[in-house]
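For reference, the structure is listed below as structure tokens.
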Amino acid sequence: MPDVKMPQLGESVTEGTIEKWLKRVGEPVAKYEPLAEVVTDKVRAEIPSDFSGVLAEILVPEGETVGVGTVICRIAEDGTDTGGEGRTGEAPDRETVREERGRADAEGRAGGSAGGTAPTGRLRYSPAVLHLAREHGIDLEKVTGTGEGGRITRKDVLAYIDRMHEARAGEAAAEGERVAEPATLTERPAARRIQAQDDVEVIPASPVRRIIARRMVASKHEAPHAWTMVEVDASGLVALRERVKADFERREGVPLTYLPFFIKAAVEALKQFPTVNAAWIDDAIHVHRRIHVSIAVATDEGLQVPVIRDADRLSIAGLAHAVHDLAVRARAGRLTLADVEGGTFTVNNTGAFGSVLSQPILNVPQAAILSVEAIVKRPVVIDDMIAIRSMVNLCLSLDHRVLDGWVAGQFLRAIKERVQSYGEDTALY
């Protein structure tokens, strides 16, 4: 029976989360027909079947994350017995799959008897049951099993834990009624913990949020972050955009935001300082010859980071179109794998939320990420006189394995000079 494995959905992707099964056990499957929707830290995609037949077994439930190459289901090819008598046709939930997987593992380890029949006698427990029991200090001999042949399931253990909590809560309530007997010092913290839990809403993390969390932790753990910032006078840029934005949108059909101007300044600076357009991979610095700019787009499901390929070849108008197209498709959930692969440097537009200072986390393995903060009118000193100017902070996080402060400072200064040079004569095309 052919196996379907978790594919590698991107050059640096090592795992994926099954978000939704599109087929149920027992349903026919055509070759190349989508079986499941998968979410990675880069993209949402569908896993097609490489075979025609019937979906015989689902091994990874919805919401579970597994590594690339893990078998997620099995297909019974046309004319093959699925061996699935008694199945309802519904995709199993996570608990059922884990219990079945654990039972199979336990039976396999028990081994040695003829015909694969497990020896009788001492009860065996699935890995999920054993993990729960160890975590909560439960004697499994006291748990009544409701599974086949009296087998203890994960649900049985969870129900036992609930009964334990209810019993302890009842004891605590009864103890509280005894006003003549003050609670001991060891009992008071426990009572406070129970009360605090009643005031907390626990929201399970979505697959996308769990992936983002793991990526952020990995980035901070692997890359030694350093941070620097410069102040930039963007008054000329503000005046230019105010003058041309209405005509540009009427002619081009997309808004002219500030972001394309900053991306243009950044890619020109990257050409001057190519070591910033680099990555730390396998204890070596990989300097990219092409400039592919990742842009951070906030969506309802979390941050998406699509890529503008060969951004240095685009005009400001071309960058405006690229930014608008990627942002619209990201928020509609229509990004493809090609849209999120291959970024070499990231520009993060935190100023859109009113932020004036931030320390972005690196989009590893990229060596640097630039945050463009909000443009704010502030009093500044020019030629010993106070003037009101449109100022913006540009913040750069960098991988100190790749870049030193001197290069980062020179790179930021190059961006600053380009932004401050924007004015009436700046070409948009």
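The values are calculated or read from the model by the stated rules, or taken from the named source; none is laboratory data. What you are looking at is a predicted structure, and each value in this text was computed from that prediction instead of being measured. Backbone-built Cβ (ideal geometry, glycine too); neighbour counts: all protein chains shown. Just the protein is used for accessible areas: all its heavy atoms, side chains included, with ligands, DNA and RNA removed. Shrake-Rupley method; radii C 1.70, N 1.55, O 1.52, S 1.80 Å.
Numbers for the structure displayed
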quantity	calculated
LYS245 accessible area, 1.4 Å probe, all protein chains in place, Å² to nearest 10	70 Å²
Heavy-atom surface of the range 224-421, accessible at 1.4 Å and reported per residue (Å²)	46 Å²
Apportionment of accessible area to carbon and sulfur, the range 3-76, percent (1.4 Å)	46 percent
Accessible-area composition of the range 224-421, carbon plus sulfur, in percent [1.4 Å probe]	52 percent
Size of charge dipole - the range 224-421 - debye, nearest 20, with Cβ of Lys, Arg +1 and Asp, Glu -1, no other charges	480 debye
Point-charge dipole on Cβ atoms (K/R +1, D/E -1) for the range 3-76, about Cα centre, debye to 20	160 debye
Which listed pairs, of LYS155/LYS220; LYS264/LYS377; LYS245/LYS377, have C-alpha distances above 25 Å, in listed order	LYS155/LYS220
Heavy-atom accessible area order for THR146, THR299, largest first, 1.4 Å probe	THR146, THR299
Solvent exposure ordering (accessible area, 1.4 Å, most first) of TYR422, TYR429	TYR429, TYR422
